[in-house]
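Colleague: Shown below is the structure under consideration.
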Amino acid sequence: MRGWQIGESLPDGRLLAAAADRNQAPILEVLQRELPPSGLVLEIASGTGQHVAHFAKSLPQLSWQPSDPDPEFRRSISLWTALENLANVNVPIMLDVRQQPWPIAAADAIVCINMVHIAPWAAAQALFEGARQVLPHEGLLYLYGPFRRGGDHTSPSNARFDADLRARDPEWGLRDVEALAAVGSDTGFALADTVAMPANNLSLVFRKRNAAAE
């Protein structure tokens, strides 16, 4: 689904997305605050593998499980992690959020970057349902990307990006923070924080509530 975003293929076979290089540092700042001190982090839609390689190198106390439904991306993920010689990154798995149950029984946190706007709305709903099944109480579900707020775009560039996405596929498009919060609430998650990020993006920090609160 995201192949058109990839800027180039490197001679060794790794895929390179320029946006990943630009946003990985500010995303890492949020993750350093929000991730648990230890445990397993599942990354949904890992794409090229640049993010998981950067995060795993910066946060070696955590184990990382990358995933992607696209075999070309999974190969790139393996190449990026091999290049960095990262022992705390597992072999990437095939995971499509809509195919449940997921091929992983439990994780301590979930990170999902730039997916929900380049996928059908059903994928966002499935993301929360799958996260509900694998995360513990207070487990983190972290989303990053461009979003709408109150039905409005936060910048003209986001409006143009949204129009471009919908022209490519009518099921794609920027999602409303409020709509995601509602889906989260229905599946046992609370939107704990919304963090403004560079380039008109947002970090959405969801926490799984306990069963009594659902």
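Colleague: Let me check against my output: what whole-number percent is the relative contact order of the chain, with C-alpha pairs under 8 Å and at least 6 apart?
Modeller: 17
Colleague: Please figure out what share of the DSSP beta bridges in the chain is antiparallel and state it in percent, rounded to the nearest 5.
Modeller: Just about 50 percent of them are antiparallel.
Colleague: Still on this structure: In nm, to one decimal, how far is the modelled label at residue 190 from the one at residue 16, with both set 7 Å along Cα→Cβ?
Modeller: Each label point is offset 7 Å from its Cα along the Cβ direction, giving 4.4 nm.
Colleague: Take 46, 9 and order them by how many other Cβ atoms sit within 10 Å, fewest up front.
Modeller: Exposure proxy ranking, most exposed first: 9, 46.
Colleague: Right, next: When the C-alpha atoms of the chain are aligned to their principal axes, what extent does each axis show, in angstrom, from largest down?
Modeller: Extents along the principal axes: 44, 41, 31 Å.
Colleague: Here's something else I'd like to know. For the peptides 112-119, 24-31, what is the packing order when you average, over each peptide's residues, the other Cβ atoms within 10 Å and list the highest mean first?
Modeller: 112-119, 24-31
Colleague: Could you check the simple spin-label distance between residue 30 and residue 98, using points 7 Å along Cα→Cβ, in nm with one decimal?
Modeller: 2.5
Colleague: What does the extension gain come out to for residue 133 and residue 200, with contour length at 0.36 nm per residue minus their alpha carbon separation?
Modeller: Between residue 133 and residue 200, full extension yields 21.0 nm more.
Colleague: A further question on this structure: Among the helices of the chain (complete DSSP H runs), which have Cα atoms covering no less than 24 Å along the helix axis and a Kyte-Doolittle mean of at least -1.0?
Modeller: 18-34
Colleague: So how do 194, 81 line up by other beta-carbon neighbours within 10 Å, fewest first?
Modeller: Listed from fewest to most nearby Cβ atoms, that is 194, 81.
Colleague: OK, next. Find how many whole Å separate the alpha carbon centroid of the stretch 54-126 from the alpha carbon centroid of the stretch 146-214.
Modeller: 20
Throughout, read-outs are computed from the coordinates displayed, never taken from laboratory work. Please read all numbers here as calculations on a predicted model, not as lab measurements. FYI the Cβ positions are ideal-geometry reconstructions off the backbone, even for glycines, and counts take in every protein chain you see.
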